[in-house]
1. Checking the cross-link filter: which lysines have an alpha carbon closer than 26 Å to that of LYS162, excluding same-chain neighbours under 8 positions apart?
2. For the pair ARG228 and GLU168, how long in nm is the line joining their label points, each one 7 Å along Cα→Cβ?
3. At most 15 other C-beta atoms within 10 Å and a DSSP loop state: those are the exposed trypsin sites (Lys or Arg not before Pro) I care about. Give me the longest piece of the chain that has none.
4. Here are a few candidate values for Rg and Dmax of the Cα atoms in Å: (1) 18.4, 60; (2) 17.4, 51; (3) 18.7, 55. Which one was actually calculated from the structure I just gave you?
5. Cα gyration tensor of the range 137-206, axes a ≥ b ≥ c as square roots of the eigenvalues: rounded (a/c below 1.5), prolate (a/b > b/c) or oblate?
6. Please work out the FRET efficiency for the pair HIS218 and LEU272, using the Cβ-Cβ distance as r and a Förster radius of 22 Å; give the result to the nearest 0.05.
7. For the chain, give me the percentage of DSSP beta bridges that are antiparallel, rounded to the nearest 5 percent.
8. Can you pull the one-decimal nm distance between simple spin-label points at ILE250 and TYR93, each 7 Å off the Cα toward Cβ?
Amino acid sequence: MAHWSTAAFVLFALVGDISPLTGQGRGWRRVPPKFPDAATLTDRRFVFSRVLYTSVRRERGGQGWFTDYPDADRNLMERLGEFTKTPISRDSYGEPNHVVVQLTDDAIFSFPFLFMSDVGTIGFSPEEATRLRQFLLKGGFLYVDDFWGPYAWDHWRSEIDKVIPLAEYPIIDIDPNHPLRHTLYAVNEIPQIPSIQHWRRTGGVGTSERGVDSAVPHLRAILDESGRIMVLMSHNTDIADGWEREGEEIEFFERFSFDSYALAFNIVLYALSH
């Protein structure tokens, strides 16, 4: 297990009996997208903001923009509020205010942090590419997760090139010494977290969803001229499933959720402080 896992077990023991968070739904067919309202647009506390996009190809096991929605979004906010001093936005019922945004909506400029999942299926329209480029160059941060193997990577690379020309802004690997990997916790290894469905199918031993084609997880980025990360990419791993599925099986929770949260906390804190 990664370095943070041991510390997390100690922290959980110190603060008491913290059980895994329970799920509320599985995809927008059961839970419709929660779009921003006046309250979330003006709230200065952290709001998890997921991008609604159009899929132009399919990936095995993927669900497009709503992959891991809404439990990953809600659970990350809950844990971020519990284990860091980051103030998170809550609604009148005390529930975390996570939202779904469209790139053509001016609402994106109210949220410094955007998230996308299953981006090996994405297709940007010219207008969406322009708006996302504006968002990133104005100081916004985009984190993309849960895409596996060379075909998904090549597709995503061609799509993000429409947004930020890669000849000018090349993709780099985030090495172990990068500040993002030490923002709060020391993330010495990038965890490979499978979907819980894949993990179950392999009897709790398999983590690579595309076999040898996705054996090595990557954390990569696109930087602006000052060296700030604009786009962060976790490839060959499903970090968000560690948030979404933490309440389903205690073994999955203990093996994957601690590491997924360690990296996620570092990412959010980096994004909010840069």
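1. Here the lysines satisfying the reach criterion relative to LYS162 are LYS138.
2. 1.7
3. Numbers: sites that count: ARG26, ARG29, ARG30, ARG44, ARG45, ARG57, ARG58, ARG60, LYS85, LYS138, ARG228.
Formally, the longest exposed-site-free interval is 139-227.
4. Only one option fits the structure, namely (2).
5. On the way: a/c = 2.51, a/b = 1.34, b/c = 1.87.
Judged from the Cα gyration tensor, the range 137-206 comes out oblate (a/c at least 1.5, b/c at or above a/b).
6. Working: r = 23 Å, r/R0 = 1.07.
The value I calculate is 0.40.
7. Details: 12 of 27 bridges.
Within the chain, antiparallel bridges account for around 45 percent of the total.
8. 2.9
A short reminder: the numbers here are calculations on the coordinates, not readings from a lab. From a predicted model like this one, the values you see are computed outputs, not experimental measurements. Here the Cβ is made from the backbone with ideal geometry for all residues, glycine too, and neighbour counts use every protein chain on show.
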